[in-house]
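**Student:** Attaching a single structure in structure tokens format; questions to follow.
The values are calculated or read from the model by the stated rules, or taken from the named source; none is laboratory data. All of these numbers come straight from a predicted model, not from anything done at the bench. Glycine also receives a Cβ, built like all others from the backbone with ideal geometry; neighbour counts cover every protein chain displayed. Protein only, heavy atoms only, side chains kept; ligands, DNA and RNA dropped before computing areas. Shrake-Rupley method; radii C 1.70, N 1.55, O 1.52, S 1.80 Å.
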There are 2 protein chains.
Amino acid sequence: MVAWGSAYGGTMAGIRELADHLHLSIGTVSRALNGKPDVNPETRSRVLEAAAALGYVPNQSGRSLRQGTTNAVGFMIESGNDVAGNLDNFFLGVFDGVQIVLSRHHLDLIVLPCSTVEDPHQYLQRMVARRIADALIISATHRKEPRIELLQKAQIPFISLGRSAMPDDYAWLDLDFEGYALRSVDRLVAKGHRRIAVGMPGNDINLGFVFHDAYRAALARHGLAYDPQLVLRAASSDQGGYHIAHDLLTLPDRPTALILIYEFMAVGVYRRLQEEGLAPGKDLAIIGFRESPLASFLTPRLSCFRLSLRDLGVGLGESLLASMPAFADVYPRGIVHKVWPMEFVAGGSDAMDVR
Amino acid sequence: MVAWGSAYGGTMAGIRELADHLHLSIGTVSRALNGKPDVNPETRSRVLEAAAALGYVPNQSGRSLRQGTTNAVGFMIESGNDVAGNLDNFFLGVFDGVQIVLSRHHLDLIVLPCSTVEDPHQYLQRMVARRIADALIISATHRKEPRIELLQKAQIPFISLGRSAMPDDYAWLDLDFEGYALRSVDRLVAKGHRRIAVGMPGNDINLGFVFHDAYRAALARHGLAYDPQLVLRAASSDQGGYHIAHDLLTLPDRPTALILIYEFMAVGVYRRLQEEGLAPGKDLAIIGFRESPLASFLTPRLSCFRLSLRDLGVGLGESLLASMPAFADVYPRGIVHKVWPMEFVAGGSDAMDVR
DNA sequence: AATAGCCTCGTAAACGTTTTCGGCAGCTAT
DNA sequence: ATAGCTGCCGAAAACGTTTACGAGGCTATT
């Protein structure tokens, strides 16, 4: 036998070698491997068997060139993003779920980390021009998000993890920031709180605006006045939380409750309170955002909302497939707009009752 | 003018359209773009100008097919890995540095996250067969690491972030776990500690063994006995740290110091100590591993070692390029074995003096 | 018995690029 | 004036695959 195959570590077998070995034409072999109808069932199994035996894997460049498809989905993240870099990593869990869905359709997930020294829009443009993937997932969407227009213009199927403030003619999936704000305010008001502050980012990441508007609406529903002083802005990090707590403590009529949009801000808040001899959950009611390993290790435990990252990834993957023409037969076509639900987890951080 | 170019959002311009537009052959255009010598400087600038104007970007599949190269470097991570999933994300910083180096050579970094439901070895095998990148970076290397043999057999340039216990005929770059153990023990012994425990993972990630051996050697150097009971093993997470502290507190002759191999274990250790009314740095000297945002927000601050993730990424990228034949002219060839230095940062967590 | 139709397969074009080869000028040196 | 050399460019092959098309053999229908 000739030294075919990857088993020998030499040059990998191509479809040509496979065809010669089987005394078939490469066209037939290709059709057999790709499940095309006009091929004898018996020859098909022969081909499949030989392909497995020789460790044949089709050259991706060849197929890409011919069919204009890469069999890969890209997930762009920003390594410079505060959120991405701090504490419990949100994305790794999501990747897992996305990949589980994609692997069912022989798609691979490749993560595209935009470095801190490059403009995200330019980076994405390069990736699109490179045709690095058949479809893309973007995240950390801003209020005005030029990347969305870019992808629409390039006619690349995509989904955004996070809404923007732009027209809703694209697919997105987002966490339930409205529900978070509403339910948190409801809960705090029920415990007698009337001055409820929020801690959120100062940049134009869209989720901040969604959260802020819902917070304001929730206050109005309870007949509480909206006080701009209670909207505390800082970096999306534990340090940011520290500054938020600091600012809160200097407010004239000190708020009794604080809702944070990122759970890791709570680390800084706890720290600042402890410096002042104040106890979280006793001197200030705190609700974090997402449950994470961190939340359960703060003292007292952080009240927050539970969410399966893997399920979120699965939802993301399925919604993306729904917007890919190639999978129109398996997933119902359509532009998905989905708000992801979360489940409240009570900790001691908002146990404080001021009635 | 015809509707060429991506500006119109239509089908992107190919080298064919570019050549027609310039009244040149595609061969000449290609040579001009790729900096080949036999092309008139004036025509070259004409070509470059037109390419920029039309927004021409070469089709990657076409080039890949012809030259057998992808112009991409893959970085495999395991999303199921405890280390990757917990708290401050180590990898994002490293990505940044790697990309900075790669971009200088028109290479892109793509991250390959192996999902929790797939075997890492199989996953890598698939990526290799797919020829998804020209070179690879692997991480989380175990003691016996089959992925190394796989990559060697496939003749793909690669570097490992982390040593294994296998023959040193591959490139690796690793954090200085020996230095960490030695310097930590030295420091603690100087403060009078004689029973020094370590907290490390129970699996066969190689860094645990490197650390353990150096710890043992450091003890011997000070004439201290090695007590297996002081080697506390638990999951690589904050929860793991909690269990480690718990176990430590039940030891007969309670150790006065603890060296952790992952800084986020400290969160759990602090928590467990506080439950017992014990103070970190006062009742138990603690040294974490790497400085992270977290370390500075623990009370007292965690003593640990500083390290620039970006620089580490740069080193990783450069060492990888050194093993790629295509870049033999720009980086000195050779198999790199590099131990990355770290700088001690004193916190209050090991302030305790027992002399 | 002739023809229409189906099943199976081989042939060859196509995808977009790089690269080898050869050719045509223009120039220099004999 | 001719041979050789250099600089520049066009033609065409090659990369590995998919797929449209057509050819042949066989069965079934008229």
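**Student:** Any residue that is within 14 Å of another protein chain (Cβ to nearest Cβ), farther than 29 Å from residue B:164 by Cβ and of a type outside the set (Asp, Glu) - is there at least one of those in the stretch B:243-251? Show your work before the answer.
**Tutor:** Pass one, the stretch B:243-251, residues within 14 Å of another protein chain (Cβ to nearest Cβ): B:243-246.
Applying the additional criterion that residues be farther than 29 Å from residue B:164 by Cβ yields B:245-246.
Now drop any that are not of a type outside the set (Asp, Glu), which leaves B:245-246.
Yes, the conditions are met somewhere in the stretch B:243-251.
**Student:** What number of residues in the stretch A:134-161 are under 19 Å from residue A:91 (Cα atoms) and not aromatic (Phe, Trp, Tyr)? Reasoning before the result, please.
**Tutor:** Of the residues in the stretch A:134-161, the ones under 19 Å from residue A:91 (Cα atoms) are A:135-142, A:158-161.
From what's left, not aromatic (Phe, Trp, Tyr): A:135-142, A:159-161.
Residues in the stretch A:134-161 being under 19 Å from residue A:91 (Cα atoms) and not aromatic (Phe, Trp, Tyr): 11 in total.
Here's the yes/no breakdown for (1) of a type in the set (Phe, Trp, Tyr); (2) surrounded by fewer than 22 Cβ atoms within 10 Å (Cβ to Cβ); (3) touching a residue at least 60 places away in the same chain (Cβ under 8 Å):
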| site | (1), (2), (3) |
| --- | --- |
| A:270 | yes, no, no |
| A:280 | no, no, yes |
| A:284 | no, no, yes |
| A:301 | no, yes, no |
| A:309 | no, yes, yes |
| A:332 | no, yes, no |
| A:338 | no, yes, yes |
| A:352 | no, yes, yes |
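**Student:** Out of A:280, A:300, A:255, which single residue is within 14 Å of chain B (Cβ to nearest Cβ), under 26 Å from residue A:190 (Cα atoms) and modelled with pLDDT of 95 or more?
**Tutor:** A:280
**Student:** Count, please, the residues in the stretch A:55-80 that happen to be part of a strand (DSSP E or B) and open to solvent by less than 20 Å² (accessible area, probe 1.4 Å).
**Tutor:** As a first pass, look at the stretch A:55-80 and keep what is part of a strand (DSSP E or B): A:72-78.
Keeping just the survivors that are open to solvent by less than 20 Å² (accessible area, probe 1.4 Å) gives A:72-77.
Going through the stretch A:55-80 one residue at a time, the tally reaches 6.
**Student:** Next up: Could you give me the residue pairs with C-beta distances under 7 Å whose first residue belongs to the stretch B:14-42 and is within 6 Å of DNA strand D (Cβ to nearest atom), whose second residue is open to solvent by 60 Å² or more (accessible area, probe 1.4 Å) and hydrophobic (A, V, I, L, M, F, W, C) wherever it lies, and which are 6+ apart or on separate chains?
**Tutor:** Every condition considered, no pair remains.
**Student:** With the condition kept exactly as written, say whether any residue in the stretch B:208-222 is outside any helix (DSSP H, G or I), surrounded by fewer than 23 Cβ atoms within 10 Å (Cβ to Cβ) and either more than 14 Å from chain A (Cβ to nearest Cβ) or among the basic types (Lys, Arg) (or both).
**Tutor:** Taking the stretch B:208-222 first, the residues outside any helix (DSSP H, G or I) are B:222.
Then keep just the ones that are surrounded by fewer than 23 Cβ atoms within 10 Å (Cβ to Cβ); that gives B:222.
This time we only want the ones that are either more than 14 Å from chain A (Cβ to nearest Cβ) or among the basic types (Lys, Arg) (or both), so: B:222.
Scanning the stretch B:208-222, I find at least one residue that is outside any helix (DSSP H, G or I), surrounded by fewer than 23 Cβ atoms within 10 Å (Cβ to Cβ) and either more than 14 Å from chain A (Cβ to nearest Cβ) or among the basic types (Lys, Arg) (or both), so the answer is yes.
**Student:** A further question on this structure: Looking at the stretch A:304-338, which of its residues are farther than 22 Å from residue A:262 by Cα and not in a helix (DSSP H, G or I)?
**Tutor:** Across the stretch A:304-338, the qualifying residues are A:323, A:324, A:328, A:329, A:330, A:331, A:332, A:333, A:334, A:335, A:336, A:337.
**Student:** Between A:229, A:274, which is at pLDDT 95 or above, polar (S, T, N, Q) and surrounded by fewer than 20 Cβ atoms within 10 Å (Cβ to Cβ)?
**Tutor:** Working: A:274 fails: at pLDDT 95 or above.
Exactly one of A:229, A:274 is at pLDDT 95 or above, polar (S, T, N, Q) and surrounded by fewer than 20 Cβ atoms within 10 Å (Cβ to Cβ), namely A:229.
**Student:** Sort out which residues of the stretch A:33-71 are within 7 Å of DNA strand C (Cβ to nearest atom) and of a type in the set (A, V, I, L, M, F, W, C), and write them in order of number.
**Tutor:** A:39, A:65
**Student:** Taking the stated definitions as given, is residue A:111 at pLDDT 95 or above, in a helix (DSSP H, G or I) and facing chain B (nearest Cβ under 9 Å)? Steps first, please.
**Tutor:** Working: at pLDDT 95 or above: yes; in a helix (DSSP H, G or I): no; facing chain B (nearest Cβ under 9 Å): yes.
So residue A:111 does not fit the description; no.
**Student:** Which one of the conditions (1) open to solvent by less than 40 Å² (accessible area, probe 1.4 Å); (2) part of a helix (DSSP H, G or I); (3) more than 7 Å from chain B (Cβ to nearest Cβ) does residue A:122 fail to meet, given that it meets all the rest?
**Tutor:** If we test residue A:122 against (1) open to solvent by less than 40 Å² (accessible area, probe 1.4 Å); (2) part of a helix (DSSP H, G or I); (3) more than 7 Å from chain B (Cβ to nearest Cβ), just (1) comes out false.
**Student:** All but one of (1) hydroxyl-bearing (Ser, Thr, Tyr); (2) touching a Phe, Trp or Tyr at 6+ places or on another chain (Cβ under 6 Å); (3) open to solvent by 20 Å² or more (accessible area, probe 1.4 Å) hold for residue B:242, so report the exception by its number.
**Tutor:** It is condition (2) that residue B:242 fails.
**Student:** Turning to a different aspect of this structure: Being at pLDDT 90 or above and either open to solvent by 20 Å² or more (accessible area, probe 1.4 Å) or over 30 Å from residue B:96 (Cα atoms) (or both): is that true of residue A:8 here?
**Tutor:** Details: at pLDDT 90 or above: no; either open to solvent by 20 Å² or more (accessible area, probe 1.4 Å) or over 30 Å from residue B:96 (Cα atoms) (or both): yes.
No, not satisfied.
**Student:** Go through the stretch B:27-48 residue by residue and tally those that are closer than 17 Å to residue B:67 by Cα and open to solvent by 80 Å² or more (accessible area, probe 1.4 Å).
**Tutor:** Residues flagged as closer than 17 Å to residue B:67 by Cα and open to solvent by 80 Å² or more (accessible area, probe 1.4 Å) within the stretch B:27-48 amount to 2.
**Student:** Looking at the stretch B:17-31 only, could you name the residues that are among the small types (Gly, Ala, Ser) and in a loop (DSSP other than H, G, I, E, B)? Please lay out each step first, then the result.
**Tutor:** Step one: of the stretch B:17-31, the residues among the small types (Gly, Ala, Ser) are B:19, B:25, B:27, B:30.
Within the stretch B:17-31, just B:25 meets the criteria.
**Student:** I'm checking my understanding of the structure. Among residues of the stretch B:151-205 that are in a loop (DSSP other than H, G, I, E, B) and of a type in the set (A, V, I, L, M, F, W, C), which one is surrounded by the fewest Cβ atoms within 10 Å (Cβ to Cβ)? Give the steps one after another, and end with the answer.
**Tutor:** First, pick out the residues of the stretch B:151-205 that are in a loop (DSSP other than H, G, I, E, B): B:154-157, B:162-170, B:176, B:191-195, B:201-204.
Retained after the next criterion (residues that are of a type in the set (A, V, I, L, M, F, W, C)): B:154, B:156, B:165-166.
Details: B:154: 17, B:156: 19, B:165: 13, B:166: 17.
This residue is B:165.
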